[in-house]
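Down below is the structure, laid out as structure tokens.
The values are calculated or read from the model by the stated rules, or taken from the named source; none is laboratory data. Note that the structure is a prediction, hence the values are computed from the model and not measured. Ideal geometry is used to build each Cβ from the backbone, glycine not excepted, and the neighbour counts take in all protein chains shown. We work out accessible area using only protein heavy atoms, side chains counted, and drop any ligands, DNA or RNA first. Shrake-Rupley method; radii C 1.70, N 1.55, O 1.52, S 1.80 Å.
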Amino acid sequence: MQARTTRLTTRAVATVIGGFLASGCAPTQEPKAAAEASSTTPSAKAAVTPLTMAQLKDLAFKDGEVPQAHEPIEVKEPLPQGSGRSFPPISVPACQPLIDIRNGEGSLAHVFQRFNWKENIMGGNSTLASYEEDEAEQRFAELKEAPATCRSYEGEGYVGPFKATVAPETPPQVGEEAVAFREIVPMGPEQPGDRNEQFIVVRTGNTIATFSELSMGASRSFPTELISRQVERLRNAQRP
């Protein structure tokens with residue numbers, strides 16, 4: 001690494017963040033159509049009522065609630081299906097659940113949040129997703145199996161091909177079940193270190209919340225206190 005490369009400019013950071021989104025990693029998936037949800041029988045609706053996109057947006061963090069981050073703190077809806085750039089499938093199908101979960105794949109509704117930390121220019125993200133009936137449990141079961149067989153995968157991002165190494169971690173004790181892992185992507189000598197992104201995924205009832213923290217040449221973690229607060233909101237919103 002060259003001695004003159006000691007920090008990233010804001011422009012370089014944006015390039016790194018956007019350039020290594022793997023196939024299916026960009027928030028371009030649209031939630032299931034409302035018409036599909038309306039086909040559920042009245043009895044099933046009474047038993048399980050998934051949170052809507054409007055409810056998820058209301059449960060997300062607002063300005064004044066995250067002192068660690070710069071404001072404004074916005075909530076983003078998914079882009080219309082087909083409006084974003086697509087990439088070839090990743091090289092290892094067993095790793096696909098790790099990618100699908102962060103994008104709310106297969107959810108009834110999901111929203112995204114971006115956190116521009118005051119102490120980490122790389123920032124963090126969250127995805128709040130709701131699912132019908134037992135789909136959240138099924139998705140999470142697939143996710144829990146993935147780190148056992150997915151050690152690395154190759155994909156293509158906005159700036160070209162990359163290889164990510166997957167490292168399981170011990171998740172915080174939040175929600176009904178949780179999984180944590182890191183994805184590390186080697187960078188060129190012009191960068192201050194490898195691209196290191198932590199993911200913490202938490203299921204609470206019929207919702208799955210994914211939190212990610214990106215860093216370069218370091219191993220930062222998404223604030224546990226924020227995870228606990230967000231998960232508690234999702235839990236309370238699903239109580240009868």
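Got a sec? Which of R203, R151 is buried (at least 19 other Cβ atoms within 10 Å of the Cβ) and either farther than 25 Å from Q68 by Cβ or in contact (Cβ under 8 Å) with a residue 12 or more places away in the chain (or both)? Write out each step before concluding.
Numbers: R151 fails: buried (at least 19 other Cβ atoms within 10 Å of the Cβ).
So the residue among R203, R151 that is buried (at least 19 other Cβ atoms within 10 Å of the Cβ) and either farther than 25 Å from Q68 by Cβ or in contact (Cβ under 8 Å) with a residue 12 or more places away in the chain (or both) is R203.
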- Per the list (1) among the hydrophobic types (A, V, I, L, M, F, W, C); (2) touching a residue at least 60 places away in the same chain (Cβ under 8 Å); (3) under 23 Å from K118 (Cβ atoms); (4) open to solvent by 20 Å² or more (accessible area, probe 1.4 Å), residue check on A237 breaks on (3)
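Which one of S219, S228, S152 is among the polar types (S, T, N, Q) and modelled with pLDDT under 95? First the steps, then the outcome.
Details: S228 fails: modelled with pLDDT under 95; S152 fails: modelled with pLDDT under 95.
Exactly one residue qualifies, and that residue is S219.
Each row is one residue, and each column tells you yes or no for (1) open to solvent by 20 Å² or more (accessible area, probe 1.4 Å); (2) in contact (Cβ under 8 Å) with a residue 12 or more places away in the chain; (3) farther than 30 Å from P50 by Cα.
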residue	(1), (2), (3)
E74	yes, yes, no
V92	yes, yes, yes
C95	no, yes, no
V111	no, yes, no
F140	no, yes, no
E145	yes, yes, no
G155	no, yes, yes
- Scanning the stretch 163-181 for residues that are out of contact with any Asp or Glu (no Cβ under 7 Å at 6 or more places or on another chain), crowded, with 19+ Cβ neighbours inside 10 Å and in a strand (DSSP E or B) gives A178, V179
